[in-house]
Amino acid sequence: MLSNGRQMVAIPGPSIIPERVLAAMQRPMPNIYEGPLVDVSLSILADLKKIARTTAEPFIAIGNGHAAWEMVITNSMSRGDKVLVLDSGRFAIGWGEAAASHGVEVEVLLAPSKRSAVDPEAVADRLRADTGHTIDAILVVQTDTASSVQNDIAAIRRAIDSTGHPALFMVDCIASLGCEPYEMDEWKVDVTVGASQKGLMCPPGIAFVWANDKALAAHQNAGLRNSYWDWTARLDRSAHYFIYAGTPPISLLYAMRESLDMIFEEGLENVWTRHRILAEAVREAIATWATPGGMEFNIIEPGQRSDAVTSILTGSIDVDRMREIAEVSAGVTLGLGIGPDLHGVGFRIGHMGHLNPPMISRRDRSSAALDGCTDGWFRRRRRSRKPEQAFRVVGPLAVVHCACDDPETGRRRRNELQTTAFSRTKRVQRRT
């Protein structure tokens, strides 16, 4: 009954697209060979360096993040090469699977647990054992969209350096770019992968690769090079279409130009701070919901949790029914839990891109109206008579109350969530 009005999509990408970005795409098709569109392309390539904090060469792939993975693999590797995949969720594994499909040997180094970040010391130990330097590249994600872990890329780089190993260091920033601090040059990352549909606030359809001099040198001997993804051909700027190996993604380029303008108007560091503050509010809410056998963070260590997405295990709560009620009755789409460890037992809240505090948590009186239409629908009743937790979804967050015999306890739990998350946000703002 409360779903009328604009639907709130709280999945971790595609994220909410700003009105300015939507408007920028509404224009007739231009001349693709010369004129203003060429200037737009060149300005985007220049500004992508600022987003990744690098002097490395950027490339634009027409496709999603998987297209960028393939661009990296085919431009830097040969059949029979070996990559070390640092697993901390789902997407580094996916990148490794893409490499394996091209005949690359893949070794997986597991994180200490399924609910933790990559251990840099374990990386160092494995590289020290590789005395023959058979590992050609190391693949890792900064933020895994499935598990919501945030890996310490700087610490992993230090671990690599401590061994003197020459492997290329490749980082997937699809979920974190434009949300969390990322310093490609400072952290000595050789290849970075990004995409348009998350922190960069655009529709899906274009992805990005940044390759430094070490990666471009490896490219010269890559045996998997092909005519479409080839970096050498795309570096030829004598004709506009060489950048894209064909017709450019016109509307998406105008969208990206507007998105980059918005980011630089706010200031990239301010964008990072905004995401951190909003993520703190989300985490305070989840900490308030948490009960034994109920809600809990997927990532156990607070310092390893992402500022772009949060994955939540639901314990005794029927997560599929909860998400259905959130969408049908409250107009909020929560992210599906993905991967073998989260599907059916958790959900995700995306807090990335074009967001502000009211969009994260609508603390209004409409939450009370949900009480009457959701009681008991998505709870798996336990045999004990202990109170059970239930969601009252109002925005991308939810107002929680304790479904127990005492109405006053329920009201107190709702107020606790609201005031705790709000006061925590104010404390974070004061620290900045």
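At-a-glance table
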| item | result |
| --- | --- |
| Restricting segment 36-51 to residues that are of a type in the set (D, E, K, R) and under 21 Å from the mean Cα position of the chain (by Cα), the residue that is surrounded by the fewest Cβ atoms within 10 Å (Cβ to Cβ) | LYS50 |
| Residues satisfying the stated conditions in segment 237-267, i.e. under 16 Å from GLU57 (Cα atoms) and modelled with pLDDT under 95 | ARG237 |
| Pairs, first farther than 16 Å from VAL191 by Cα in segment 211-227, second of a type in the set (A, V, I, L, M) and modelled with pLDDT of 95 or more, C-beta under 9 Å, six or more apart | GLY223/MET77; LEU224/ILE73; LEU224/MET77; LEU224/VAL104; SER227/ALA233; SER227/ALA245 |
| Pair list, Cβ < 9 Å and 6+ apart or interchain, from segment 290-319 residues that are outside the structural domain of THR143 (by TED's automatic domain parsing) to residues that are in a helix (DSSP H, G or I) and of a type in the set (Gly, Ala, Ser) | PHE297/ALA287; ARG305/ALA279; SER306/ALA279; ASP307/ALA279; ALA308/ALA279; VAL309/ALA279; THR310/ALA279 |
| Residue within segment 48-57 that is touching a Ser or Thr at 6+ places or on another chain (Cβ under 7 Å) and over 30 Å from HIS102 (Cα atoms) present | no |
| Residue ID - modelled with the lowest pLDDT, chosen from residues in segment 338-363 that are part of a loop (DSSP other than H, G, I, E, B), over 14 Å from the mean Cα position of the chain (by Cα) and within 22 Å of LEU313 (Cα to Cα) | SER361 |
| Identity of the residue in segment 67-82, buried (at least 24 other Cβ atoms within 10 Å of the Cβ) and aliphatic (A, V, I, L, M), that ends up farthest from GLY13 (Cα to Cα) | MET77 |
| Residue in segment 133-156 that is assigned by TED's automatic domain parsing to the domain that holds TYR244, at pLDDT 95 or above, surrounded by fewer than 17 Cβ atoms within 10 Å (Cβ to Cβ) and more than 25 Å from ALA279 (Cα to Cα) present | yes |
| Candidate set: segment 189-242, residues that are of a type in the set (Val, Ile, Thr), over 24 Å from ILE17 (Cα atoms) and in contact with a strand residue (DSSP E or B) (Cβ under 6 Å, 6 or more places away or on another chain); chosen: the one surrounded by the fewest Cβ atoms within 10 Å (Cβ to Cβ) | VAL191 |
| Number of positions in segment 85-109 that are among the charged types (D, E, K, R) and in contact with a helix residue (DSSP H, G or I) (Cβ under 6 Å, 6 or more places away or on another chain) | 1 |
| Hits in segment 215-273 - residues which are more than 25 Å from the chain's Cα centre (by Cα), part of a helix (DSSP H, G or I) and of a type in the set (Val, Ile, Thr) | THR232, ILE243 |
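The values are calculated or read from the model by the stated rules, or taken from the named source; none is laboratory data. Only a predicted model underlies this, so the values are computations on that prediction, with no experimental measurement involved. Because the Cβ atoms are built from the backbone with ideal geometry, glycine has one as well, and the counts that use them run over all protein chains shown.
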